[in-house]
1. Please go through the range 244-343 and write out the chymotrypsin sites (Phe, Trp or Tyr not before Pro) that DSSP classes as loop and that have at most 12 other C-beta atoms within 10 Å.
2. Fully extended, how many nm does the chain gain between residue 356 and residue 237 (0.36 nm per residue separation, minus their Cα-Cα distance)?
3. Please list, in chain and number order, the residues 5+ apart from residue 198 or on another chain whose amide H is under 5 Å from its amide H, with Hs placed from the backbone.
4. Where the eigenvalues come from the Cα gyration tensor of the range 110-159, what are the semi-axes √(5λ) of the equivalent ellipsoid, largest first, in whole Å?
5. Explain nothing, just the number: relative contact order of the chain, from Cα pairs under 8 Å at least 6 residues apart, as a whole percent.
6. What lysines does residue 109 reach when the alpha-carbon gap must be under 28 Å and sequence neighbours fewer than 8 apart in one chain are set aside?
7. Taking the alpha-carbon set of the chain, what are its Rg and Dmax in Å?
8. Across all directions of projection, what mean area in square nanometres is found for the Cα convex hull of the range 39-179?
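Please treat every number below as a calculation from the coordinates, not as lab data. Predicted, not measured: the structure shown is a model, and the values here were computed from it. No Cβ is skipped: glycine too gets one built from the backbone with ideal geometry, and neighbour counts run over all protein chains shown.
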Amino acid sequence: MALQICRTLTPSLNIDTHLQYAYLFLRICSLLSIGTIQSERLKILFTSTHLTSFITEDLNLLRKHFFVEHLTTKGFGSIFRIVPAALKADVTFTWFASVYASVVVFVAKRMGNKSIIVVGGVDVAKYPEINYGIWLSWWKAMFVKYALRNASNVLVVDPSLQKSARLLAEYEGDNIECIPTGYDASEWFPSGEKEPFVLTVAGCETEERMRVKGIDFLFVAARAMPEVRFVVIGLSRHPIASIRIPSNVEVIPFVERRELLQYYQRAKVYCQPSYSEGLPSSLCEAMLCECIPVGTDVGGVPTAIGGNGFLVPYGDADKLCEAMRAAMQSPNEIGHTARKHIAETFTLQKREAALLRVIRGSVR
């Protein structure tokens, strides 16, 4: 067709020249076509106060389909970066409801664009007894309430967080939907024989964070189980300086994420002793490596375990000890079913499809 057009427009030229013009014509059409396709791709402003493995996972998923600008929002100066970036975006996507999220939502709403907030757990926590949660600050709570109530979509990672968001933000929550995080079963997998120890992974830089993750509760149980070895990864030196660590507990301050695999593969039991949780990633990763899970019945811990392990009430050290002993003596088949549950229920493919549905459905 291109050749025919060139011969019609320039009949006096020879065939070689016609072919050259035809090639140039096709190249121009190709470039124009690519430009058209790219211009139709949505521009997304992706904001987060920090980067974690699950936030990075979402960032990578969205970059496969859209133009994505990522901003890490920290400090008052972030507002002056958020506003111009939000003005250019078709859709905003924010991990965690926060003061910064309220600015993103406000700008998007003023522009008539859509805004999406992902709620992970900490952003709908209010526990004065352990001095934990953004909602304990009256002025921060005001901004977070605005963000949740005015966002186009609020995506919680566990159904338990939906109730908390409605209660704290004092609204019906018609914009809330549950989309769990996803995990790669080819990245987290079992290997070799299991060793008889209990593993817990919890990034804790403060005593407050240790209480939220239930590390103090775990230490009480560990003291009552001197015959069992425990490994706790992620505690910084500051919060544990004033705490007496049980002699049967090995504390490892920090491990790179990829190095966690060998610990998951070796541990027979994984314990999630949290006071408060969203959908705990470390628990899901450990279950993919066929650790037998033990956890408290809070937040998304029961969702993750899904009947393939042991649940106990937070604060009941006797029941926690009983559950960990039972898990240690359980057949490895429970670990197999735990892996199967996570691998089938919480896939990256399911999360990707759900996020694309929400984002594409959010465009005016």
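1. Loop-located and lightly packed - 254.
2. 38.7 nm
3. Placed amide hydrogens put 229, 230, 231 under 5 Å from residue 198.
4. 23, 14, 5
5. It rounds to 13 percent for the chain.
6. Output for residue 109: 43, 64, 74, 88, 126, 140, 145, 163.
7. 25.6, 97
8. 8.5 nm²
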